[in-house]
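Enquirer: Please read through the structure below; I'll follow up with questions.
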Amino acid sequence: MIFTETVLPGAFVIEIEKRGDDRGFFARVFCEREFAEHDLVSGFVQVNNSLSADRGTLRGMHYQLAPKAETKLVRCIRGSLYDLILDLRRDSPTFGESFGVELSAENRRMLYVPKGFAHGFVTLTADTEAFYFVDEVYAPEMERGVRYDDPRFALAWPLEPIVISDKDREHPYFDPEYHLPEL
């Protein structure tokens, strides 16, 4: 696997290394040892699967508060999506900055999202399916979300989201007391 750290410290784009022949190819998409060599979490406890029927479907910007904050490993297995992360680590030099990357069934990239980041995506094609590996069990009482169009962060979506759940549409604009309470 090829690990490329993004402009946001601790977040990585991970690409597979194909070993191919006339039958096709073989590649690893996870190796505990390689993750450990990059100081990345490798103890995933839950795998989530999402299917978005329409192009322009937004899912995000989600995260969980400590002590249930999640590390995520996201991969698109059908179609294409633009995956976006927002650094909400209180003491981070890149607090409030974002990074986005296209994940698709074709490019087979993954995005490693550390704890302390809000995460979301917009689908670039219809019938887009994604897998998320997470290192914490979902805790609804610890869930938070930032509006996808919060002017404080000016998130750069490659297309205007068309399909947005009521829950995602109703996320509040950023407020440190709500989004980053002292626990």
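The values are calculated or read from the model by the stated rules, or taken from the named source; none is laboratory data. Just so you know, these numbers come straight off a predicted model, no measurement behind them. Cβ placement follows ideal geometry from the backbone for every residue including glycine, while neighbour counts extend to all protein chains displayed.
Here's the yes/no breakdown for (1) in contact (Cβ under 8 Å) with a residue 24 or more places away in the chain; (2) surrounded by fewer than 19 Cβ atoms within 10 Å (Cβ to Cβ); (3) assigned to a loop (DSSP other than H, G, I, E, B); (4) basic (Lys, Arg):
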site: Ser50; (1), (2), (3), (4): yes, yes, no, no
site: Asp54; (1), (2), (3), (4): yes, yes, yes, no
site: Leu58; (1), (2), (3), (4): yes, no, no, no
site: Met61; (1), (2), (3), (4): yes, no, no, no
site: Lys68; (1), (2), (3), (4): yes, yes, yes, yes
site: Gly96; (1), (2), (3), (4): yes, yes, yes, no
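Enquirer: Which condition number in (1) without any contact (Cβ under 8 Å) to a residue 60 or more places away in the chain; (2) closer than 25 Å to Ser98 by Cβ is the one that Glu17 fails?
Expert: Glu17 satisfies all of (1) without any contact (Cβ under 8 Å) to a residue 60 or more places away in the chain; (2) closer than 25 Å to Ser98 by Cβ except (2).
Enquirer: On the basis of being buried (at least 19 other Cβ atoms within 10 Å of the Cβ) and over 16 Å from His119 (Cα atoms), does Phe25 make the cut?
Expert: no
Enquirer: For Phe174, all conditions in the list (1) assigned to a strand (DSSP E or B); (2) buried (at least 18 other Cβ atoms within 10 Å of the Cβ) hold save one; what is the number of the exception?
Expert: So Phe174 meets the others, but not (1).
Enquirer: Is region 125-132 home to any residue that is assigned to a loop (DSSP other than H, G, I, E, B), touching a residue at least 12 places away in the same chain (Cβ under 8 Å), acidic (Asp, Glu) and under 24 Å from Ile16 (Cβ atoms)?
Expert: So far as region 125-132 goes, yes, one or more of its residues are assigned to a loop (DSSP other than H, G, I, E, B), touching a residue at least 12 places away in the same chain (Cβ under 8 Å), acidic (Asp, Glu) and under 24 Å from Ile16 (Cβ atoms).
Enquirer: Of the residues in region 116-136, how many are over 17 Å from Ser98 (Cα atoms) and either touching a strand residue (DSSP E or B) at 6+ places or on another chain (Cβ under 6 Å) or small (Gly, Ala, Ser) (or both)? Outline the logic, then answer.
Expert: Kept after step one, since they are over 17 Å from Ser98 (Cα atoms), are these residues of region 116-136: 123-136.
Narrowing further to those that are either touching a strand residue (DSSP E or B) at 6+ places or on another chain (Cβ under 6 Å) or small (Gly, Ala, Ser) (or both): 123-126, 128-134.
Of the residues in region 116-136, 11 are over 17 Å from Ser98 (Cα atoms) and either touching a strand residue (DSSP E or B) at 6+ places or on another chain (Cβ under 6 Å) or small (Gly, Ala, Ser) (or both).
Enquirer: Right, another one. Among the residues of region 37-48, are any part of a loop (DSSP other than H, G, I, E, B), over 15 Å from the mean Cα position of the chain (by Cα), of a type in the set (Ser, Thr, Tyr) and closer than 29 Å to Val146 by Cα?
Expert: Yes.
Enquirer: Let me ask something else about it. What pairs come out if I take residues in region 149-174 that are of a type in the set (Phe, Trp, Tyr) and pair them with residues that are surrounded by fewer than 16 Cβ atoms within 10 Å (Cβ to Cβ) whose C-beta lies under 9 Å away, six or more apart or interchain?
Expert: Every condition considered, the pairs that remain are Phe153/Gly96; Phe153/Glu97; Tyr173/Pro151; Tyr173/Arg152; Phe174/Gly96; Phe174/Arg152.
Enquirer: Also, I was wondering about something else. So Arg89 ticks every box in (1) touching a strand residue (DSSP E or B) at 6+ places or on another chain (Cβ under 7 Å); (2) within 30 Å of Cys31 (Cβ to Cβ); (3) without any contact (Cβ under 8 Å) to a residue 40 or more places away in the chain; (4) surrounded by fewer than 20 Cβ atoms within 10 Å (Cβ to Cβ) but one. Which box is left unticked?
Expert: Unmet condition: (1).
Enquirer: Would a scan of region 71-86 turn up a residue that is at pLDDT below 95 and either closer than 23 Å to Tyr173 by Cβ or assigned to a loop (DSSP other than H, G, I, E, B) (or both)?
Expert: no
Enquirer: Would you point out the residue of region 115-156, among those that are among the small types (Gly, Ala, Ser), surrounded by fewer than 17 Cβ atoms within 10 Å (Cβ to Cβ) and within 19 Å of Asp168 (Cα to Cα), that is nearest to the chain's Cα centre (by Cα)?
Expert: Ala156
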